[in-house]
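The values are calculated or read from the model by the stated rules, or taken from the named source; none is laboratory data. Computed from a predicted model, the values in this text were never measured in an experiment. When we count neighbours, we look across all protein chains shown, and the Cβ atoms used for this are built from the backbone with ideal geometry, even at glycine.
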Amino acid sequence: MLAELTAGYQATKAALDITKGIQALKTEAEVNAAIIDIQRLTIEAQHSLMQAQASHTALIGRITELEQEIVRLKDWETERQRYQLRQIDSSAFAYMHKPGMENGEPAHWLCTQCFDSGHRSILQPYEAGGSQRGGAQMRHRCNRCSAVVSVFYRRRPERPYVTDEPA
Ligand SMILES: [Zn+2]
């Protein structure tokens, strides 16, 4: 934006310098040439100022975006503090409420991939997923990033996983 403003200023100054010397011009051809120069410099100055205005508008837009991102990050930091990483099956992990931080919400599992990138996305029961170690599996899917987590089909967010639980 500074470059456009400088160019606009220089064109305006050059046009002004020509007008100061216009009295000294002898012929009509010299006056006409000076007028054409002034018109050209005025158009250049206008063009530079319009570019500066466009840059200014773009910068204001970017500042607004960044302000909104700061608000989102502050909100996310508060939200993030309510959760902790938990093992939800023998080889499955998810973020869950810390005890006492439920704020009236039902128990749920959050996608670790989304959580670690600053987004809250609940894993939803998706489809039966065959069996592992003799136990039928249920796949839970993140609708945001499509990650899939397989757990024993009877496992639920409201029933804490304990490692000695029979599969
Ligand atoms: Zn996800």
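Within segment 103-147, how many residues turn out to be closer than 14 Å to S91 by Cα and of a type in the set (V, I, T)?
1
Within the bounds of segment 127-142, is there any residue that is out of contact with any His (no Cβ under 7 Å at 6 or more places or on another chain) and near the ligand (Cβ under 9 Å from one of its atoms)?
Checked against the condition, which is being out of contact with any His (no Cβ under 7 Å at 6 or more places or on another chain) and near the ligand (Cβ under 9 Å from one of its atoms), segment 127-142 yields at least one hit.
For the subset of segment 99-126 comprising residues that are without any contact (Cβ under 8 Å) to a residue 12 or more places away in the chain and within 12 Å of the ligand (Cβ to nearest atom), which member is nearest to the chain's Cα centre (by Cα)?
Top of the filtered list is S117.
Among the numbered criteria (1) surrounded by 13 or more Cβ atoms within 10 Å (Cβ to Cβ); (2) modelled with pLDDT of 95 or more, which single criterion is violated by A107?
Just one mismatch for A107, condition (1).
Scan A94, A15 and give me the residue that is touching a Cys at 6+ places or on another chain (Cβ under 9 Å) and either touching a residue at least 12 places away in the same chain (Cβ under 8 Å) or on the phi > 0 side of the Ramachandran plot (or both).
Only one candidate qualifies: A94.
Report the residue count in segment 87-103 for those that are crowded, with 18+ Cβ neighbours inside 10 Å and part of a loop (DSSP other than H, G, I, E, B).
The qualifying residues number 0.
Do you know which residues across segment 1-41 are assigned to a helix (DSSP H, G or I), of a type in the set (A, V, I, L, M, F, W, C) and closer than 29 Å to I60 by Cβ?
L2, A3, L5, A7, A11, L41
Could you list all residues from segment 60-84 that are among the basic types (K, R) and more than 13 Å from the chain's Cα centre (by Cα)?
Within segment 60-84, K74, R80, R82 meet the criteria.
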